[in-house]
1. Which of the residues that make up the stretch 77-93 are free of Cβ contacts under 8 Å to residues at least 12 places away in the same chain and among the charged types (D, E, K, R)?
2. How many residues does the stretch 45-100 contain that are hydroxyl-bearing (Ser, Thr, Tyr), buried (at least 18 other Cβ atoms within 10 Å of the Cβ) and assigned to a helix (DSSP H, G or I)?
3. With the structure loaded, tell me whether residue 103 is buried (at least 20 other Cβ atoms within 10 Å of the Cβ), modelled with pLDDT of 85 or more and in contact with a Leu (Cβ under 6 Å, 6 or more places away or on another chain) or whether it fails that test.
4. So for the stretch 32-42 (the condition being assigned to a helix (DSSP H, G or I) and either at pLDDT 90 or above or closer than 21 Å to residue 155 by Cβ (or both)), does at least one residue qualify?
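The values are calculated or read from the model by the stated rules, or taken from the named source; none is laboratory data. From a predicted model like this one, the values you see are computed outputs, not experimental measurements. When we count neighbours, we look across all protein chains shown, and the Cβ atoms used for this are built from the backbone with ideal geometry, even at glycine.
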Amino acid sequence: MQWLSALLIGVVVGIVSCDITCYDKEEYTCLKEFNKEFPSSLENYCRDEIPLLKCISEAASKCKTNFVREAEDLYRIHTDACTEGTELNKAAKEHVDCITNATDGAKCSLGEGGFDLKDKTLGEGKCMDIRITEVCLFETVKSECGRNAGDTFLIVYHPLAQLIMKICYARGHHQN
């Protein structure tokens, strides 16, 4: 689950809003209150990250960002993955170990130096790397864990990638 938490932190740190002062204040509160160490299991992820995602979603809405829907989708889907007994929760539990091992060992990169969404000089190339990385991770998981695990990974990861891409659009680094 470290792969998801690490990328999530990048999203939280870099979300742009119509009122950046508002969002920065809200974001700081979210990180201070909810940011824990990288969770090592689905149970820990659900306990630690879902409140953070809710806080991010609420902050995006309160501050009238251009990606409220994406933040809400991310929260909704991850909550579904963490809700005992849902189809997504069952699939996540079934595949979490293989997905984690596959993504931890994947040769997929966000480029040299990583991906810092606060970087105002972040270019279109790195924003495009988000989609390339998503496809690479999906193919790795599918290859190592099977199609069902790949689909489960994509259901959970894609909303995060969508939010990052929306942030790239907001920064003017990549256009639809």
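1. Residues of the stretch 77-93 free of Cβ contacts under 8 Å to residues at least 12 places away in the same chain: 80, 83-87, 89-90.
Hits for the stretch 77-93 are 80, 84, 87, 90.
2. Residues of the stretch 45-100 hydroxyl-bearing (Ser, Thr, Tyr): 45, 57, 61, 65, 75, 79, 83, 86, 100.
Next cut, buried (at least 18 other Cβ atoms within 10 Å of the Cβ) only: 45, 57, 65, 75, 100.
In the following step, the residues that additionally are assigned to a helix (DSSP H, G or I) were identified as 45, 57, 75, 100.
Qualifying residue count for the region: 4.
3. Details: buried (at least 20 other Cβ atoms within 10 Å of the Cβ): yes; modelled with pLDDT of 85 or more: yes; in contact with a Leu (Cβ under 6 Å, 6 or more places away or on another chain): yes.
So residue 103 passes the test.
4. Taking the stretch 32-42 and keeping what is assigned to a helix (DSSP H, G or I), we get 32-34, 42.
With either at pLDDT 90 or above or closer than 21 Å to residue 155 by Cβ (or both) added as a condition, the list becomes 42.
Checked against the condition, which is being assigned to a helix (DSSP H, G or I) and either at pLDDT 90 or above or closer than 21 Å to residue 155 by Cβ (or both), the stretch 32-42 yields at least one hit.
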